[in-house]
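The values are calculated or read from the model by the stated rules, or taken from the named source; none is laboratory data. Nothing here was measured: the structure is a model prediction, and the numbers come from that model. With ideal geometry, Cβ positions are generated from the backbone for all residues, glycine too; neighbour counts draw on all protein chains shown.
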Amino acid sequence: MVEFILQSQNLPFMVSLTIMIMIACLEGVTTVIGMGVSNMLETFIPDIDADVDLDHSDITATGILSKVFGWFRVGQAPFLIILIIFLTIFGLVGLILQAVCIKTTGFLLPGLIASAIAFFISLPMIRFFTGIIVRVMPKDETEAVDEKSLIGRVAVITLGKATKNSPAQAKLKDKFSTTHYVMVEPDIDDEEFVQGDQVLIVRQTSAGYKAIHNSVSALQDMD
């Protein structure tokens, strides 16, 4: 077993699991002293400063990042938890893949090929387990809000450019001043939202929310 784990072809998976353990330990230590790693990471995630175009003819790296964040439920679950889930699943899937390979063929896949396969196998599993975390995470019952209660509130586009069927990430606060990050797209076909725009949430969809430009000066996002 040890000889198998230490094979060079398994290096990406062992590194992934090692980093996961180090992060978990670091989070435990920093939480005890009052400065958790997760809190520090969260301050860097939402407000990425980028000028993004998500049109199908010109998809930028940051535009793709916006969609990836939404798919992985960033903003719904703490980023550090998502990272730990990713590292754990990727590492375990890779080792299982290599174990099956050596048992059936007698040799290990090259590390790069095994990593690519393990990565794509891991993606739906990561989303699945992140969804479980979102559902079981303890919430303050006195500040629990229904998703529909966000309708009528003003949000600020923080990541991406939103057009019809191409949402962008937006930030808004509920009645308890708790910040939420949601995916929004224009309710009017020819409208578009860019980073920094204030929009009014008008209805909920299966993928997020529909919004319109906020034209009422009395309605402003409160930082």
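Can you tell me which residues in segment 113-131 are free of Cβ contacts under 8 Å to residues at least 24 places away in the same chain and within 16 Å of PRO12 (Cα to Cα)?
Going residue by residue through segment 113-131, those that are free of Cβ contacts under 8 Å to residues at least 24 places away in the same chain are 113, 116-117, 120, 123-124, 128.
If the condition is that a residue be free of Cβ contacts under 8 Å to residues at least 24 places away in the same chain and within 16 Å of PRO12 (Cα to Cα), then ILE113, ALA116, ILE117, PHE120 are the ones that fit.
Beta carbons closer than 7 Å, at least 6 apart along the sequence or on distinct chains, pair a first residue in segment 1-28 that is modelled with pLDDT under 90 with a second that is not in a helix (DSSP H, G or I) for GLN7/LEU108; GLN9/LEU108; GLN9/LEU109; GLN9/PRO110; GLU27/GLY36. When segment 129-160 is filtered for residues that are at pLDDT 85 or above and closer than 14 Å to LYS210 by Cα, the ones remaining, listed by number, are LEU150, ILE151, GLY152, ARG153, VAL154, ALA155, VAL156, ILE157.
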